[in-house]
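Each reported figure results from applying straightforward, stated rules to the coordinates on display, with no laboratory input. Remember, it's a predicted structure, so these values are computed and weren't measured experimentally. Cβ: placed from backbone, ideal geometry, glycine included. Neighbour counts: every protein chain shown.
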Amino acid sequence: MQSEIQFAGFGGQGIMVMGQILAQAGMDGGFEVVWIPSYGPEMRGGTAYCTVVISDQLIGSPIIRNPQHLVAMNRPSLEKFVSSVKAGGVVFINSSMIPIDAGRDDVDVIRVPIIEIAKDLGNIKAANIVALAAFVARSKVVDFELLQQAVKAKFAQKEKLIPLNMKALEEGRKAALTQ
């Protein structure tokens, strides 16, 4: 089993953090993992994307041209990457910022208004965790419990943020399962 996930959006949306957390969850599950970041010309506001590969075997190449899944946090990212996703994969769309659909019927499309959910939780910065939770709940690339552990580890130095992020995980999971 090998899963390839492309996370894409603007710098500042937590793209790299989502990839790091998923990679950690994969490692915690005993899988081989690769995380490759890519930044646009600006750190904040420019294009940011990363690829995560999770496998139960050695990973032959970290470079993936056609990922199995896509998490698109903004419209330019959806438009740029959606055509490269393999048939049968999951395409997550941040419906708070993307008014269009994936335009494909050979992938599982999930649309979640993550910004509104994060605002309801009291902190818009949790939107990326809502998105990650919804994606993992739908794709099942790792066990959800591993994702929870990885989020706790990521925020261990900022313990006061753990309860918010645990709520964000649960709300993201709920959003994914109600579609």
Each label point is 7 Å from the Cα along the Cα-to-Cβ direction; what then is the distance between the points at Y39 and T178, in nm? 3.7 nm
When only C-alpha pairs under 8 Å and at least 6 residues apart count, what is the relative contact order of the stretch 1-104, in percent? 30 percent
By counting other Cβ atoms within 10 Å of each Cβ, how are Y39, Y49 ranked from fewest to most? Y39, Y49
Using a cut-off of under 20 Å, list every residue of the stretch 146-172 whose amide N is near the label point 7 Å from the Cα of M27 along the Cα-to-beta-carbon line. 146-159
Would you kindly state how much longer the chain becomes between Q2 and Q157 on full extension, computed as 0.36 nm times their sequence separation minus their alpha carbon distance, in nm to one decimal? 52.7 nm
Residues with beta-carbon under 14 Å from that of G60, excluding G60: net charge, scoring Lys, Arg +1 and Asp, Glu -1? -2
Charge dipole (the chain, unit charges on Cβ, about Cα centre) - positive-most of S77, T178, M27: S77
Order these by the 10 Å Cβ neighbour count, fewest first: F7, F155. F155, F7
For A23, what charge total do you get from the other residues with a beta carbon under 14 Å from its beta carbon, if Lys and Arg give +1 and Asp and Glu give -1? -2
About its Cα centre, how strong a charge dipole does the chain have in debye, to the nearest 20, once Lys and Arg get +1 and Asp and Glu get -1 at the Cβ? 420 debye
Relative contact order for the chain: what percent, with Cα pairs under 8 Å and sequence separation of 6 or more? 21 percent
Relative to the compact-globule estimate 2.2 N^0.38 Å (N residues), the Cα gyration radius of the stretch 2-177 stands at a ratio of 0.94
